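Right, one structure below, let's go through it.
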Amino acid sequence: MTNINLHSRSLVTIDDLSNGEIEALFSLTDEMSESLNEQSEVCRGKIMASLFFEPSTRTRLSFETAMLRLGGHVISAIDIGSSSLSKGESIADMARVAGSYADIIVIRHPWEGAARVVADYAGIPVINAGDGSHAHPTQTLCDLYTLKKEKQTLKGLKIAFWGDLKHGRTTHSLSYALARFGATILFHPSPGLEMPEHVLRKLTAECGGKLERDTAALGYASGEKFFPVEAAYITPNHPHQLAMMPDICMQVEFKTGVDALYVTRLQKERFVASPTKEGELQNAYPVVDKKLLERKEFKKTLVMHPLPRVDELAYEIDADPRSMYFKQAARGVPVRMALISLMLGDRNITVPEEIKPFGPKTYHPTYKHGTEIRCPNPICISNQETEIKYIRPEFRIVNLEPPILECTYCEHELRPKFIASSDWHEGTLEYKNYHKADSHWIRKIKPDNLIVFTTEEEALAQGFKPDKHIAQNDENSE
Ligand code: NCD
């Protein structure tokens, strides 16, 4: 038996938990659900700081209920206006202070990467309850737990994601977890709200999966208002299943039946659209109703939603046994009880030897020359709090050919246009050149020495000269 130890750790993204740890957490969740009223000694006297700087009903109430059922106490700050953040206090200072009052922090914040900063500064375990469009790992735990309970396994399930996949943090976190557990995902974005490229890249590059794009199946053109299947992510368990079929049609793949339809609402608060554009998005937004569920392919399909719903789920399906959304919300309490008690070290759990952790995380070298470049995501915490000078932009080099840097706070990507090495110019200024990012030079530069630029002006401002290919091109274009 192996002891699963989450004591004193933080949960910022779903990558912070291995598959084995998630399985173990679910067995403790089973135990907690069976005896919700008998857990009041587990965290007796401990204090949870509940810091919600974005609207929340389910997540906040279920966290607070979980702590109270475990015998603990809750202190809270629930909007920026009523906390010192409105006076210009940094997130780091708030984290240090809250960390000196409480035993565990739960934080929701509109800036992506905010939970990472809180975890870095609080000195106590921190749980991310949603940071912008970035991540929502505990919702993923509730979603996975529901799938596991209803379908007994996660491996091999076929899950369709439906709606606003661009801004929905729940779908981003859930996609990584499903991929790791060997499920297949079919993406059904509402037009214009497709899964972000950085999420797709991570799914394929780090989970070893395969992405199929079926543009012909963008069903709106053919007059079908639903099922514009944009892409399917095929996990490592059956990597070539679809790829082997030359005329693979996602519609066909879909029609063989899906295990769950994961519906999300249009996340209006996360983008600025003109009233006309918003109206268009709203009109094109697919609705799940009784008629839709009568289709053959949905016979055994669970309808899931993180809630709140707006218009995308018809009330008429609430009583349908396939509708899972209120169960997902209710399971939030035992799932979070299990998580809090493990992170506070008040419970531990052993799992059979064969439940192996997911294995080491993919190692990516840190980008060492990050002071000049900025994360391209305007709501990344590294762009919001740099004025206060305690956060430096931080990147990992996740790919070399072509060079791709990933922000360590919000996981957005930066694809530089020009590169240079910090090694060559030392002492020999005539070699202080910059090159095109897609040139052969990328193979000669060690990751530790890599310097990237998004424009030529940036390179010139830092004293680099164009290499002869760039110089010639520049001359020819004059
Ligand atoms: C979601 C969230 O806040 O990301 N809700 C939740 O936590 N249960 C989904 C949403 O707001 O649409």
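Can you give the FRET efficiency to the nearest 0.05 for Arg96 and Asn3, using r as the Cβ-Cβ distance and R₀ = 45 Å? Once rounded, the FRET efficiency stands at 0.90.
With 0.36 nm allotted per residue and the present C-alpha distance subtracted, the Glu89-Gln152 stretch has 18.0 nm of extension available. Using only side-chain charges placed at the Cβ, +1 for Lys and Arg and -1 for Asp and Glu, the dipole size of the range 381-477 relative to its Cα centre rounds to 240 debye.
Computed 3J(HN,Hα) for the range 106-114, one whole-Hz value per residue from the Karplus formula 6.51 cos²θ - 1.76 cosθ + 1.60 where θ = phi - 60°, is 10, 10, 10, 8, x, 7, 6, x, 4, glycine and proline marked x.
If the chain linking Asn399 and Glu294 were pulled fully straight, counting 0.36 nm for each residue of separation and taking away their Cα-Cα distance, it would gain 33.3 nm. Remark on Ser76: its backbone amide H falls under 5 Å from those of Ser50, a criterion applied only to residues 5 or more positions apart or on other chains, H modelled at 1.01 Å from N.
Under 5 Å from the amide H of Ile349 lie the amide H atoms of Ile4, each residue being 5 or more positions distant or on a separate chain, with H modelled from the backbone and absent for Pro and chain starts.
Taking 17 Å as the straight-line reach from the Cα of Lys291, the lysines in range (excluding those fewer than 8 positions away in the same chain) are Lys225, Lys255, Lys299, Lys300. Along the range 402-415 the Karplus relation, 6.51 cos²θ - 1.76 cosθ + 1.60 evaluated at θ = phi - 60°, assigns HN-Hα couplings of x, x, 10, 10, 10, 5, 6, 8, 10, 6, 6, 9, 10, 10 Hz to successive residues, with x for each Gly and Pro. Amide H to amide H, with H built 1.01 Å from N, Ala437 comes under 5 Å of Phe418, Ile419, counting only residues 5 or more places away or on other chains. As a rough guide to protection, the peptides 373-381, 269-277, 124-132, 458-466 ranked by mean Cβ packing within 10 Å, highest first, stand as 124-132, 373-381, 458-466, 269-277.
The ranking of Trp162, Trp111 from fewest to most other beta carbons within 10 Å of each one's beta carbon is Trp111, Trp162. Taking other C-beta atoms within 10 angstrom as a stand-in for reagent exposure, Phe326, Phe298, Phe181, Phe161 fall in the order Phe326, Phe298, Phe181, Phe161, fewest first.
Laboratory data are not the source of any read-out in this text; all were calculated from the coordinates shown. Everything quoted here is computed from the prediction, not taken from an experiment. Methodologically, a virtual Cβ is constructed for each residue, glycine included, from the backbone with ideal geometry; neighbour enumeration extends over all protein chains shown.
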